[in-house]
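See structure below.
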Amino acid sequence: MNEMDNIISEIEEKLGNIKNIKELNDLKVEYLGKKGLISNLTSKMKDLSIEEKKEFGKSLNELKTKVNLIFDEIKTKLEEEELNKKLESEKIDITLPETKIKVGALHPLERVKREIEEIFISMGYDIVSGPIVESDLYNFEKLNLPKGHPARDAQDSFYIEDESILLRTQTSPVQARVMDANNEKGPIRILCPGKTFRRDDDDATHSHQFSQIEGLVIGDNISLADLKGTLEEFARKMFGEDRSLRFRPSFFPFTEPSFEVDVSCFKCGGKGCSICKGTGWIEILGSGVVHPNVLKNCGYDPEKYTGFAFGIGQERVAMLKYGINDIRSFYTNDTRFLNDFNRMDGE
């Protein structure tokens, strides 16, 4: 019991020299830690009688409680002192000029994607996404590109598992999946944005990874006139109210007839300039009437339903809209390039 009294005296004396929280914690471990002086008193109980143990245990618990209270009181005092010193040293002069914080802005590809989505949402389209890792069935076969079809060579693919699983070469598989999953085989009006992948040498106008935004409409009596009207509305909202479209015959396995679509140059108004290479026209997308084989492959009756599809190159639209001459600019994370779009947000 005398030893307990001595411990209290020792602690009170040593606390007078404590200057910070670390020293306080070290002192607390010295007395209350697992191998501390107070904890070691427990070993003395083995030599005591039962009655003495009760009295000793009670006194030991009271000692621990008292010592803890002493340490807590000193800790609170030290913390308050440290906080006051910190506040004193970190005073803020509110008369100083503000620090301008740099904030991010939408990437040009994301800007274009959102703008195109908003245009087609206003025309009643649903936005749909699908897997990037795709099966050959949906990427090719259901889209009228059976094994051995020569058009597959034009979409040299990144295969993952033999020739059955690959990185999708287009977002058209999303359209096939939606058609396949539509049990009622009723009308569809969807827009499918996403990344696509093809084996290609990267240069100013080509990339092995690029973004497509494809649209699909299936319904009763859907005709080429509906496709033309839809794309004209898109071109006017995207590039300007006075834009005209030109349809040129082309070939895509999943549409028949198929067309490349040009928009009148929005810089020179069709007179001819460096952007349109003197022609007055700029190619912006591919399109066509959905091939009957695609309808059949996805469970639709081509005698009852018709439709149209189109595919927009997201990078191409962004390059035209913002005057970007190298597709690699979108992926290099050059802050000088991205800062131009910060300024568009008023930064």
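The values are calculated or read from the model by the stated rules, or taken from the named source; none is laboratory data. All values reported here derive from a predicted model rather than from experimental measurement. A quick note on method: Cβ atoms are made from the backbone with ideal geometry, for glycine too, and the neighbour counts reach across all protein chains shown.
In this entry, Tyr31 is excluded by the filter for residues that are touching a residue at least 12 places away in the same chain (Cβ under 8 Å), in contact with a Pro (Cβ under 6 Å, 6 or more places away or on another chain) and assigned to a helix (DSSP H, G or I). Restricted to the range 201-231, and to residues there that are hydrophobic (A, V, I, L, M, F, W, C), modelled with pLDDT of 95 or more and in a strand (DSSP E or B), the residue that is farthest from Glu315 (Cα to Cα) is Ile218. A Cβ distance below 8 Å, combined with a sequence gap of six or more or placement on separate chains, defines the contacts here; from the range 1-20, residues that are under 22 Å from Thr42 (Cβ atoms) reach residues that are among the charged types (D, E, K, R) and at pLDDT 75 or above in the pairs Ile8/Lys66.
Any chance the range 124-136 includes a residue that's out of contact with any helix residue (DSSP H, G or I) (no Cβ under 7 Å at 6 or more places or on another chain), assigned by TED's automatic domain parsing to the domain that holds Val290, under 16 Å from Gln209 (Cα atoms) and among the charged types (D, E, K, R)? Within the range 124-136, not a single residue is out of contact with any helix residue (DSSP H, G or I) (no Cβ under 7 Å at 6 or more places or on another chain), assigned by TED's automatic domain parsing to the domain that holds Val290, under 16 Å from Gln209 (Cα atoms) and among the charged types (D, E, K, R). Could you look through the range 202-231, keep only residues that are among the hydrophobic types (A, V, I, L, M, F, W, C) and exposed (fewer than 14 other Cβ atoms within 10 Å of the Cβ), and pick out the one that is farthest from Gly286 (Cα to Cα)? Among those that are among the hydrophobic types (A, V, I, L, M, F, W, C) and exposed (fewer than 14 other Cβ atoms within 10 Å of the Cβ), it is Ala204.
Looking across Lys46, Lys77, one residue alone is farther than 21 Å from Met4 by Cβ and either touching a residue at least 40 places away in the same chain (Cβ under 8 Å) or part of a helix (DSSP H, G or I) (or both). It is Lys77. Taking every residue in the range 180-200 that is among the acidic types (Asp, Glu) and pairing it with any residue that is surrounded by fewer than 16 Cβ atoms within 10 Å (Cβ to Cβ), at least 6 positions away or on another chain, the pairs with Cβ-Cβ distances below 7 Å are Asp180/Gly299; Asp200/His206; Asp200/His208. Here Asn293 does not qualify as surrounded by fewer than 22 Cβ atoms within 10 Å (Cβ to Cβ), free of Cβ contacts under 8 Å to residues at least 24 places away in the same chain, assigned by TED's automatic domain parsing to the domain that holds Gln175 and more than 19 Å from Ser211 (Cβ to Cβ). Residues in the range 83-121 that are in contact (Cβ under 8 Å) with a residue 40 or more places away in the chain and part of a loop (DSSP other than H, G, I, E, B) were compared, and the one that is surrounded by the most Cβ atoms within 10 Å (Cβ to Cβ) is Ala105.
Residue by residue, here is whether (1) at pLDDT below 90; (2) touching a Gly at 6+ places or on another chain (Cβ under 9 Å) holds:
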{"site": "Glu88", "(1), (2)": "yes, no"}
{"site": "Lys100", "(1), (2)": "yes, no"}
{"site": "Ala105", "(1), (2)": "yes, no"}
{"site": "Leu109", "(1), (2)": "no, no"}
{"site": "Arg114", "(1), (2)": "no, no"}
{"site": "Phe120", "(1), (2)": "no, yes"}
{"site": "Gly124", "(1), (2)": "no, no"}
{"site": "Pro131", "(1), (2)": "no, no"}
{"site": "Asp136", "(1), (2)": "no, no"}
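Restricting attention to the range 148-192, the residues that are hydrophobic (A, V, I, L, M, F, W, C), within 19 Å of Ile127 (Cα to Cα) and either in contact with a Leu (Cβ under 9 Å, 6 or more places away or on another chain) or not assigned by TED's automatic domain parsing to the domain that holds Tyr125 (or both) add up to 8. Screening Gly57 with (1) at pLDDT below 80; (2) surrounded by 12 or more Cβ atoms within 10 Å (Cβ to Cβ); (3) in a loop (DSSP other than H, G, I, E, B) gives one miss only, at (3).
Out of Phe266, Phe259, Phe234, one residue alone is among the aromatic types (Phe, Trp, Tyr), in a loop (DSSP other than H, G, I, E, B), touching a residue at least 24 places away in the same chain (Cβ under 8 Å) and crowded, with 16+ Cβ neighbours inside 10 Å. It is Phe266. The set of residues from the range 142-200 being part of a helix (DSSP H, G or I), more than 24 Å from the chain's Cα centre (by Cα) and surrounded by fewer than 22 Cβ atoms within 10 Å (Cβ to Cβ) comprises Pro150, Ala151, Arg152, Asp153, Ala154, Gln155, Asp180, Ala181.
Of the residues making up the range 299-332, those that are part of a loop (DSSP other than H, G, I, E, B) and basic (Lys, Arg) number 1.
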